[in-house]
Every structure is written in structure tokens, then in C-alpha cells.
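The values are calculated or read from the model by the stated rules, or taken from the named source; none is laboratory data. Computed from a predicted structure; not experimentally measured. For neighbour counting, all protein chains shown are included, and Cβ atoms are generated from backbone atoms with ideal geometry for every residue, glycine included. To get the accessible areas, we keep the full protein, side chains included, count just its heavy atoms, and leave off ligands, DNA and RNA. Shrake-Rupley method; radii C 1.70, N 1.55, O 1.52, S 1.80 Å.
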Amino acid sequence: MELNKKETGMKMNFIKTSPAQNMTILVRDILDRSMHWTVAQKLMRYDSIHAEQVGFIESAADTAASARLQMMGGEFCGNATMSLAAVVAKDTGLNEGETLETMLEVSGADSILKCEVSAQGDVFVCKAEMPPPKEIAKISFTVSGSPVEADIVHLPGISHIIVDAAQLSDQKAFAEEAIAELSEKIKGEAFGIMFFDEAKQFMVPVVYVRDIGAPIWERSCASGTAAVGTCMASRDCKDTELEVGQPGGAITVIAKNQGSGTRLWIKTGVRIVAEGVAYV
């Protein structure tokens with residue numbers, strides 16, 4: 001169904017997923033991308049479908065890919081990538097115990113990404129290839145008058161700052177002040193601050209999407225998990241597989257050091273929790 005800007009009271013065919021409770025709405029209708037942010041804002045509201053993010057399912061330009069995921073701000077999102085892989089598996093009728101491989105185009109990624117999906121009860125267990133990191137660096141900023149130095153991982157479509165959560169008493173205040181400064185320093189569609197406690201292997205993610213202009217405290221963040229795995233693999237100079245607990249559940253990151261750089265995968269269970277028509 002093709003929609004244009006002049007239509008009001010539009011009907012949106014959607015599917016809502018829960019990858020480690022990072023509630024995600026995927027819109028099945030084809031929209032002009034100039035409408036994505038307006039529609040996403042409405043769908044994310046508490047009095048609508050309510051979610052942390054919205055992606056739009058499009059036809060892929062590359063014939064090797066099953067579909068394209070275009071995120072609401074043009075950013076990259078790992079959990080939404082796994083969500084679309086689960087939707088592809090559902091639409092193909094994947095049965096209990098079966099596994100499906102699918103290739104997806106995703107906004108913010110420079111190449112198509114391979115995903116593996118297996119059906120286990122009411123959960124689709126998804127393992128998705130991540131775009132390789134562009135750079136691991138240090139970043140300096142100031143919070144409450146004190147200098148902070150942290151690792152930053154630049155992924156295609158999003159960057160993540162890894163902050164030692166064990167050293168902080170007020171993550172919300174820290175994030176609000178840091179984001180105000182970092183939004184001027186970091187270019188691109190989106191960035192996140194990952195409050196990571198290495199001893200507990202637990203992370204609290206907050207993501208800033210430039211088009212939204214406000215922080216989103218997410219129940220989980222797959223690309224942030226990949227960034228943590230990248231940092232640890234780089235620091236320890238060895239392959240890393242780590243299950244990172246988060247407020248909404250655990251996501252596993254697999255990081256392999258290769259001569260050409262780091263290869264990354266993420267893995268978690270995705271539940272499809274709702275499907276139907278929304279009015280915006």
C-alpha cells in the first residue's frame with residue numbers, strides 16, 4: 001500500500017516484536033521516507049502501540065537480500081535487524097526446530113547482513129551478523145566539572161561510548177549531561193552510552209537518535225552489546241563470546257579478531273507479541 005503526505009487518519013499494518021524487551025514496531029506498509037519520523041513518533045506513543053523504536057520494512061535493492069529494514073532515523077539497529085529476521089522466518093512458516101538463513105539490507109550498514117533464525121516454542125532465536133566496527137578510539141568529555149575518558153566504538157550507522165557503571169551513582173544525571181556535550185562532538189544519526197559493569201556482565205543502555213533529540217533508555221541494545229564485545233576482544237587480543245545481561249534480558253555477542261578487523265555477531269530470542277492495524 002503506497003501512502004502519501006496528504007493522507008490523514010492513515011492505517012498502518014504493523015508487527016511488534018520483543019528482542020530482549022527492546023520493544024520494536026516494524027511497519028509493513030511502504031512509506032515515503034520523509035514520513036518515517038512523523039509516523040514513528042505517533043506509533044511509539046503510550047496511547048498508540050508503544051515501543052522504543054520503529055523500523056520500516058522495504059523491498060531490498062540487492063536481489064540476494066530478502067528485505068530491507070529502514071530505521072526511523074536512518075540509524076543502524078541490531079535488535080530491529082533480528083526482529084526483521086524473525087518476521088521473515090514467521091512469514092515463511094518456519095516450524096519448531098527448523099532453522100532459516102536469510103540476508104537483509106539494513107539502514108546504516110554498508111553491506112547486506114546474514115541472519116540465522118531457529119524456531120523454539122514461541123521464540124525465534126536469532127543470530128545476526130553485525131557490520132564491522134569502523135574504529136575503536138578514546139573520547140574525552142566533561143560531566144559535573146570532572147573529565148571523563150571512555151572507549152568509543154564507531155559502527156556503521158551508530159557509535160557507542162562504553163562507560164564503567166561501577167564508578168557511577170547516578171546514571172541518569174550522567175547521561176543527560178554527557179549527551180548534551182556529546183551531541184555536538186559525535187557526528188552521525190545516533191550514538192549511545194553503554195553503562196557496563198564488567199564484573200557483573202550487566203549493561204544499562206541509553207541511546208540518542210539525532211532526529212528524536214532526546215535520550216531513550218532502552219531495555220536492551222544489540223549494537224551496544226556488540227560494541228562492548230568489540231572493546232573486550234580488542235583489549236584482550238583474543239576472540240570473545242560474552243552474554244551481557246540488560247534490564248530486558250541477555251544478548252550474546254561473539255567477536256572474532258581477524259587480520260582484516262573484527263567480525264561480530266549478536267544473538268538473542270525474539271518474540272512476536274502483536275500484529276495488526278494501527279491508526280495514525
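Geometric descriptor of the range 53-125, per residue, is 80 Å³ (volume of the convex hull of the Cα atoms).
Going from most exposed to least, what order do 265, 217 have by accessible area with a 1.4 Å probe?
Greatest to least solvent exposure: 217, 265.
The slack between residue 200 and residue 273, meaning 0.36 nm per residue of separation minus the straight C-alpha distance, is 23.3 nm.
By a 1.4 Å probe calculation restricted to protein chains, residue 98 has an accessible surface near 80 Å², given to the nearest 10. Dipole magnitude for the chain: about 280 debye, using +1 per Lys or Arg Cβ and -1 per Asp or Glu Cβ, origin at the Cα centre. Two numbers describe the Cα atoms of the range 55-96: Rg and Dmax, which are 10.9, 35 Å.
Over every Cα atom in the range 29-76, the radius of gyration and the widest Cα-Cα span, Dmax, amount to 11.8, 38 Å.
Thinking of the chain as a set of Cα atoms, what percent of all their pairs are more than 28 Å apart? Provide the component values of the computation, followed by the final result.
On the way: 12781 of 39060 pairs.
Of all Cα-Cα pairs in the chain, 33 percent lie more than 28 Å apart.
Considering the convex hull of the alpha carbon atoms of the range 225-280, report its projected area averaged over all viewing directions, in nm², one decimal.
6.0
Over the range 65-211, the reciprocal of the mean inverse Cα-Cα separation, the Kirkwood hydrodynamic radius, stands at 16.9 Å.
Between residue 63 and residue 50, the distance separating the two model label sites (each 7 Å from Cα on the Cα→Cβ line) works out to 4.6 nm.
Mean projection of the Cα convex hull over all viewing directions, computed for the range 176-245: 5.3 nm². Using a cut-off of 20 Å between Cα atoms, the listed pairs 114/138; 16/187; 127/200; 90/127; 127/172 include 114/138; 16/187; 127/200; 127/172 as exceeding that distance. From helices alone, the chain scores -6000 deg cm²/dmol at 222 nm; the rule is -39500 (n - 2.57) for each run of n ≥ 4 DSSP H residues, then divide by the residue total. Backbone N atoms of the range 237-270 closer than 18 Å to the 7 Å Cα→Cβ label point of residue 99 belong to residues 252-255, 264-270. Charge dipole of the range 4-87 (Cα centre as origin; +1 on each Lys and Arg Cβ, -1 on each Asp and Glu Cβ, all else neutral): 220 debye, rounded to the nearest 20. Rolling a 1.4 Å probe over the protein chains gives residue 66 an accessible area of about 70 Å². Largest GNM mean-square fluctuation across 248, 97, 224, computed for the chain with C-alpha springs under 10 Å, falls on 97.
Taking every DSSP bridge with both residues inside the chain, close to 80 percent are antiparallel. Solvent exposure of residue 38, expressed as accessible area, is near 70 Å², computed with a probe of 1.4 Å over the protein chains only. Starting from the Cα gyration tensor of the range 105-154, take the square roots of the eigenvalues, sort them a ≥ b ≥ c, and report rounded, prolate or oblate (rounded when a/c is under 1.5, otherwise prolate if a/b is larger than b/c, else oblate). In terms of gyration-tensor shape, prolate. Estimated translational diffusion coefficient (Stokes-Einstein, Kirkwood radius over Cα pairs, 10 °C, 1.306 mPa s) of the range 133-280: 99 µm² per second.
Projecting the Cα atoms of 48, 94, 22 onto the dipole axis of the range 12-94, where Lys and Arg carry +1 and Asp and Glu carry -1 at the beta carbon, places 48 farthest toward the positive end. Mean-square fluctuation check for the chain, GNM, Cα pairs under 10 Å: which of 130, 203, 35 is largest? Maximum fluctuation in the GNM of the chain, among the listed residues, is at 35. Classify the range 1-82 as rounded, prolate or oblate, taking a ≥ b ≥ c as the square roots of the eigenvalues of its Cα gyration tensor: rounded when a/c is under 1.5, otherwise prolate if a/b is larger than b/c and oblate if not. Oblate, since a/c reaches 1.5 and b/c is not below a/b. Computed over the alpha carbons of the range 1-139, Rg followed by Dmax gives 15.3, 47 Å. Could you work out how far helix 222-236 tilts from the main Cα principal axis of the chain, as a 0 to 90 degree angle to the nearest 10? The helix 222-236 is inclined about 30 degrees to the chain.
Among 62, 122, the sequence by solvent-accessible area, most first, with a 1.4 Å probe is 122, 62.
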